[in-house]
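Laboratory data are not the source of any read-out in this text; all were calculated from the coordinates shown. Predicted model only: the values in this text are computed from it and were never measured. We place every Cβ from the backbone using ideal geometry, glycine too, and count neighbours over all the protein chains shown.
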Amino acid sequence: MAPAMIVARELDIRTVDTISVKSYNHQTADAPVIIKRPDMGLVGNGAGVLVVDDLVDTGRTLEVVRALMPQAHVATVYAKPQGRGQVDTFITEVSQDTWIFFPWDMALQYVEPYRGA
């Protein structure tokens, strides 16, 4: 969502919604499932809709999004070769075996409070 909000700000887009597709259970791949949809009454077939994601890996998640909104324009920051066909626009292509650490995906860790317990 972070890349989408940056794009929305830069393009002065005021209507922003989300779609959430879960395809992993911790680090185990599962079948993609939509767990939160945008307002389909507004979105329709996706014509005029910009979908922004941080990364396309295998493309399985974006296949689900494309099935729901076939006319949407899909843009990602990073694209890997297996999923490249699912995006219309991307910034950087990386190898399939590259692991990208995003600040918003980092595992939570307990840190002792500065002032103690």
* Toward the positive end of the charge dipole of the chain, about the Cα centre and with charges on Cβ (Lys, Arg +1; Asp, Glu -1), which of 23, 41, 77 goes farthest? -> 41
* Structure fact -> Distance in nm between residue 40 and residue 54 label points, each 7 Å along Cα→Cβ, equals 2.8 nm
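Could you order the peptides 6-18, 43-55, 84-96, 68-80 from most to least packed, using the average number of other C-beta atoms within 10 Å per residue? Each step should come with its number before you reach the end.
Values: 6-18: 10.7, 43-55: 16.6, 84-96: 13.7, 68-80: 18.7.
My ranking of the peptides, most packed first, is 68-80, 43-55, 84-96, 6-18.
In debye to the nearest 20, how big a dipole does the chain give about its Cα centre with +1 on each Lys and Arg Cβ and -1 on each Asp and Glu Cβ?
On the way: 10 positive and 14 negative charges, 46 e Å.
Dipole of the chain, to the nearest 20 debye: 220 debye.
Counting only DSSP beta bridges with both residues in region 2-105, what percent are antiparallel, rounded to the nearest 5? Please report the intermediate quantities before stating the final value.
Values: 5 of 15 bridges.
So the antiparallel bridges amount to about 35 percent of the total.
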* Structure fact -> Under a Gaussian network model of the chain whose springs join Cα atoms within less than 10 Å, the largest fluctuation of 38, 103, 81 belongs to 103
* For residue 89 and residue 10 in one chain, what is 0.36 nm times their gap in residues minus the Cα-Cα distance, to one decimal in nm? -> 26.8 nm
* Which distance in nm do the two modelled labels at residue 102 and residue 28 give, with both placed 7 Å along the Cα-to-Cβ direction? -> 2.4 nm
* Please provide three numbers in whole Å: the alpha-carbon extents of the chain along the principal axes, with the largest listed first. => 54, 34, 26
